1. From the residues in segment 169-227 that are in a helix (DSSP H, G or I) and charged (D, E, K, R), which one is farthest from the ligand (Cβ to nearest atom)?
2. Out of everything in segment 42-61 that is more than 14 Å from GLN142 (Cβ to Cβ) and aliphatic (A, V, I, L, M), what residue ends up being farthest from the chain's Cα centre (by Cα)?
3. In contact with a helix residue (DSSP H, G or I) (Cβ under 7 Å, 6 or more places away or on another chain), more than 19 Å from ARG269 (Cα to Cα) and buried (at least 24 other Cβ atoms within 10 Å of the Cβ): which single residue out of VAL185, VAL173 fits that description?
4. Residue check, ILE254 against (1) surrounded by fewer than 24 Cβ atoms within 10 Å (Cβ to Cβ); (2) away from the ligand (no atom under 14 Å from the Cβ); (3) more than 25 Å from THR130 (Cβ to Cβ), all met but one. Which one?
5. Taking SER195, is it among the polar types (S, T, N, Q), buried (at least 24 other Cβ atoms within 10 Å of the Cβ) and out of contact with any Ser or Thr (no Cβ under 6 Å at 6 or more places or on another chain)?
6. Does LEU42 fit the bill of being surrounded by 19 or more Cβ atoms within 10 Å (Cβ to Cβ) and within 24 Å of LEU135 (Cβ to Cβ)?
7. Contact list please: Cβ distance under 6 Å, first residue in segment 230-259 and more than 25 Å from PRO5 (Cβ to Cβ) and in contact (Cβ under 8 Å) with a residue 24 or more places away in the chain, second residue surrounded by fewer than 18 Cβ atoms within 10 Å (Cβ to Cβ) and of a type outside the set (A, V, I, L, M), pairs at least six apart or on different chains.
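The values are calculated or read from the model by the stated rules, or taken from the named source; none is laboratory data. All figures in this text were calculated on a predicted structure; none of them were measured in a lab. Glycine also receives a Cβ, built like all others from the backbone with ideal geometry; neighbour counts cover every protein chain displayed.
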Amino acid sequence: MKLYPKNFSTAVHNCNLSGISLSRYFLDIEIVLNETTEDEILRQMEKNLSVMEKAAAKGIAGVTSFSGLTGGDAKRLAAFRATGSPFGDSLYLEAMIQSLAVNEVNAAMGVICATPTAGSSGVLPGALLTMRDKLNLDRRAQLNFLITAGGTGALIGNQASISGAEGGCQAEVGSASAMTAAALVEAAGGSPSQSAHALAIALKNLLGLSCDPVASLVEVPCIKRNAVGVVNAIAAAEMALAGIESRIPVDEVIQAMGSIGRMMPMALRETALGGLAQTPTACRMTAMLQQEGHIPWPFPAAGRNED
Ligand code: SF4
């Protein structure tokens, strides 16, 4: 990872100096880093995109998770949209459907592409599969979207974290939303600097988000958080494209996320010992899943939430 700059501002600076896009910049780094060719990287990205497309289609058709806790919400939201939401139709609604669909497939043990993690895998495809028609993105532009998001994720991971166990959900859904916002800006014709502002705005909005999955399963609250993550990403990209800037510079936002993650108690970092995972309802669900044999490992006793 030494070829990656130490922070996002340096990436923006280098792009501006060379007059290239973030996707071109990250692609060049990956070619050298992996001692590979542009064609090979694009082939891999094509495979990733194809996984996302299949997962979204499967999720919209309807899936149920192995535990039975989740599933069918993408289908439900698509039906709701078809009959006419009282708030009208919108790209935000479509993005939520796609996002829920992909993450429901993850909970159902289907194949997804981690962006950056499985728990946050619905955010990026939610935006890309929704916006590609709106923005007239050809296949190469869609692969560029993945490259920009991937490079952005690498820079977030290098400075903070992309792991819920390390930094809470702000590091997973927060990072996914920030990566997506940065890539959306480029796809819409914005500058690297605007991508940086979109990244910062998106991440700021999700700072402090705990990782508190019920029964340690990546289902509740993860799936619905993906839908919110994609809406947040689009909102941040729109603000940045309109010229709105983050008053806190992008790398300081990323570092703040890392700092908050380090301050988070272990109970809120994927252990299911706090937050939503220890609510009375979550404890009842956990006990039921244990009785039904859906949780094959010894699980912490219920009722530890002292909030
Ligand atoms: S709550 Fe935890 S497991 Fe679920 S998506 Fe967020 S970080 Fe991942």
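1. GLU186
2. By that ranking, first place goes to ALA61.
3. When all the criteria are applied, what remains is VAL185.
4. If we test ILE254 against (1) surrounded by fewer than 24 Cβ atoms within 10 Å (Cβ to Cβ); (2) away from the ligand (no atom under 14 Å from the Cβ); (3) more than 25 Å from THR130 (Cβ to Cβ), just (1) comes out false.
5. Values: among the polar types (S, T, N, Q): yes; buried (at least 24 other Cβ atoms within 10 Å of the Cβ): yes; out of contact with any Ser or Thr (no Cβ under 6 Å at 6 or more places or on another chain): yes.
Against the criterion (among the polar types (S, T, N, Q), buried (at least 24 other Cβ atoms within 10 Å of the Cβ) and out of contact with any Ser or Thr (no Cβ under 6 Å at 6 or more places or on another chain)), SER195 qualifies.
6. Working: surrounded by 19 or more Cβ atoms within 10 Å (Cβ to Cβ): no; within 24 Å of LEU135 (Cβ to Cβ): yes.
The answer is no for LEU42.
7. Sorted first by the residue in segment 230-259, then by its partner, the pairs are VAL231/TYR92.
Matching residues to (1) buried (at least 24 other Cβ atoms within 10 Å of the Cβ); (2) among the β-branched types (Val, Ile, Thr); (3) out of contact with any Asp or Glu (no Cβ under 8 Å at 6 or more places or on another chain); (4) over 30 Å from THR281 (Cβ atoms):
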{"position": "LEU207", "(1), (2), (3), (4)": "no, no, yes, no"}
{"position": "VAL214", "(1), (2), (3), (4)": "yes, yes, yes, no"}
{"position": "LEU217", "(1), (2), (3), (4)": "no, no, yes, no"}
{"position": "VAL220", "(1), (2), (3), (4)": "no, yes, yes, no"}
